[in-house]
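Have a look at the structure below before the remarks.
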Amino acid sequence: MDPAPRSGCPINAAVEVLGDPWAILVLRDIMFGNRRHFRELVAGSEEGIATNILASRLKQLVAAGLLTRDGARRGQRAAYSLTEAGIQVLPVMVALGTWGLAHRNGDHRLRVRAELLRDGGPELVAAMMDELRDLHLGVPRPDPDAPRPSEQLRAAYEAAVSVGAGRGSPGFQPRADSTGEPAFVNTA
């Protein structure tokens, strides 16, 4: 059961759920990396989340109604899925990324997703939300033949990695997600 918020202010209510940096980063990795299992989230964390912190944030995000946890039986890995409320955090993530692009420095390979989402505007964000609904809620995308936004993000990341490698990026090895693909989504 959720504790009562400190006030009835909607900004306060949102901050009480989303104000923890680790909670936002866990949602980011689920949204953009399709990391649905505990081990994938730990292994793919660009920021190096500790297992106790991850366990706590997953529990909090489930309790807040942003994630669901499937009922894995003994010996099986539990999978986490975004709820509709969790999917609706995407525009907040895009706004945070846009602010970060304008006001903070960072690694080019880790900025490309935010740049693409910023430049793609509301149409790309809406298409990404439709893709997340398809993946997490089983709601088919309105235009199943349209290119997947995740593929656009992956291509942009791979291009950034290629450019970075061409500039002699010392020792950069992109992390792989559970499918063996670069974990382009570990962006801030």
Does residue 139 qualify as being free of Cβ contacts under 8 Å to residues at least 40 places away in the same chain, over 15 Å from the mean Cα position of the chain (by Cα) and more than 15 Å from residue 28 (Cα to Cα)?
yes
Hey, among the residues in region 40-97 that are of a type in the set (Asp, Glu) and assigned to a helix (DSSP H, G or I), which one's farthest from residue 14 (Cα to Cα)?
40
What's the total number of residues in region 1-39 that are modelled with pLDDT under 90 and part of a loop (DSSP other than H, G, I, E, B)?
9
Exactly one condition in (1) in contact (Cβ under 8 Å) with a residue 24 or more places away in the chain; (2) open to solvent by 80 Å² or more (accessible area, probe 1.4 Å) is not met by residue 105; state its number.
(1)
Do we have any residue at all in region 44-59 that's modelled with pLDDT under 95, among the charged types (D, E, K, R), under 19 Å from residue 88 (Cα atoms) and surrounded by 11 or more Cβ atoms within 10 Å (Cβ to Cβ)?
no
Screening 117, 110, 124 for residues that are within 14 Å of the chain's Cα centre (by Cα) and under 28 Å from residue 143 (Cα atoms) leaves only 117
When region 26-37 is checked residue by residue, the ones that are out of contact with any helix residue (DSSP H, G or I) (no Cβ under 7 Å at 6 or more places or on another chain) and either without any contact (Cβ under 8 Å) to a residue 60 or more places away in the chain or buried (at least 21 other Cβ atoms within 10 Å of the Cβ) (or both) are 30, 33
Take region 127-147 and flag every residue that is surrounded by fewer than 17 Cβ atoms within 10 Å (Cβ to Cβ) and among the hydrophobic types (A, V, I, L, M, F, W, C).
137, 139, 146
Does residue 53 fit the bill of being in contact with a Phe, Trp or Tyr (Cβ under 9 Å, 6 or more places away or on another chain) and in contact (Cβ under 8 Å) with a residue 24 or more places away in the chain?
yes
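The values are calculated or read from the model by the stated rules, or taken from the named source; none is laboratory data. Since the model is a prediction, treat every value here as computed from it, not as a measurement. Note: ideal-geometry Cβ built from the backbone for every residue, glycine included; neighbour counts use all protein chains shown. All accessible areas refer to the heavy atoms of the entire protein, side chains included, with ligands and DNA or RNA removed. Shrake-Rupley method; radii C 1.70, N 1.55, O 1.52, S 1.80 Å.
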